[in-house]
Amino acid sequence: MLTGVQVVLLGGDARQLEVIRKLTELDASVTVAGFDQLHTPLDGAVKAEYSQELFHTADALILPAVGTDDEGRIPTVFSDQELVLSSEEVAKLPKHCTIYAGMAKPYLRELCTQHNIGLVELFDRDDVAIYNSIPTAEGAIMMAIQNTDITIHGSSSMVLGIGRTGLTLARTLQGLGAKVKMGIRREEHYARAYEMGFEPFYLNQLISQVGNIDLLFNTIPTMIVTAQIIANLPSRAVIIDLASKPGGTDFRFAEKRGIKALLAPGLPGIVAPKTAGRIIADVLSRLIMDETSKRGNAQ
């Protein structure tokens, strides 16, 4: 239980509603800001105006999936109010407080370093990333179905990268009857992809592998689907780039060539916000519980 733990949650989208629900169920004292246009009740949580007073007694500060932008602005789907996290606010936090966000830009990392405040980036965790790969794969396949005139079954599909998202996506495509090629960098990953029934190839051979594919899914966050690669794709091919912005595809050249190319980061929060919220909520609650326990043992 989180009885007596003071949690401040700022902004975010529908995923945060699941976080609020989970924390209040565990008896945490939850104060939220950036939800003034949400018309459904937040049972057990207290809505408040954004001010420095929120920060004085926080044991945990929870930010949205993207944390803040480069100027400290916090995304708020349920409010038109601008929430900006500045040095003044972070300075008010107790030194034992931890800030949690899906990911952190250099601005947020610098603030935490400057004020010696703990920062946890949830999306860096293997458990969160693996759980999130499930709605990501489903969302990617939804986009493929919406943007093609063929079935996934029998299609020639290519997945670049055999990381947490790439592996889940490749297995899901395979389960739907697609013929799946996998672009690999390392020998042990090549062996694993072969063992799982995919058709692996090394990424330095990519240009010779794309000549007859229907769907290309990229999970690699560097420029990999270059103009040279796109020039060798069949005109029917669709590119779905799942890497974080700006992706790993030359979208300008794809448009010029008439190849449909879609950038689709953050799919869990778009296609399955409740599931994505529960993933974050479960991990967050465990982390806060562990941190509270450590603090109690140290006293």
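The values are calculated or read from the model by the stated rules, or taken from the named source; none is laboratory data. Computed from a prediction, not measured in an experiment: that's the story for all the values here. Neighbour counts run over all protein chains shown; Cβ positions are idealised from the backbone, glycine included. Heavy atoms of the whole protein, side chains included, go into the accessibility calculation; ligands, DNA and RNA do not. Shrake-Rupley method; radii C 1.70, N 1.55, O 1.52, S 1.80 Å.
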Of all the accessible heavy-atom surface of the chain, with the other protein chains kept in place and a 1.4 Å probe, what percent is carbon and sulfur? 51
Of Pro273, Pro234, Pro135, which has the largest mean-square fluctuation in a 10 Å C-alpha GNM of the chain? Pro234
Could you point to the residue in Asn147, Gly175, Ser133 farthest towards the positive end of segment 127-265's charge dipole, with +1 and -1 charges on the Cβ of Lys/Arg and Asp/Glu respectively? Asn147
One computes Rg over Rh for the chain from alpha-carbon atoms, with the Kirkwood Rh, and obtains 1.04
Hey, in the GNM for the chain with a 10 angstrom Cα cutoff, which one of His115, His56, His39 fluctuates hardest? His39
Computed, not fitted: 222 nm per-residue ellipticity of the chain from DSSP H runs ≥ 4 (each -39500 (n - 2.57)), nearest 500, equal to -11500 deg cm²/dmol
Could you derive backbone 3J(HN,Hα) for segment 96-104 from the dihedral phi with the Karplus parameters 6.51, -1.76 and 1.60 (θ = phi - 60°), listing whole Hz in sequence and x where the residue is Gly or Pro? 7, 5, 10, 9, 10, 8, x, 8, 10
Which helices of the chain meet both criteria: a Cα extent of 27 Å or more along the helical axis and a mean Kyte-Doolittle score no lower than -1.0, with helices taken as whole DSSP H segments? 126-146, 273-298
Determine, for the chain, the count of lysine pairs separated by eight or more sequence positions (or lying on different chains) whose alpha-carbon distance falls under 29 Å. 27
Could you work out the Rg to Rh ratio of segment 169-270, with Rh taken as the Kirkwood radius (inverse of the mean 1/r over all Cα pairs)? 0.95
What whole-number distance in Å separates the alpha-carbon centres of segment 1-32 and segment 228-288? 29
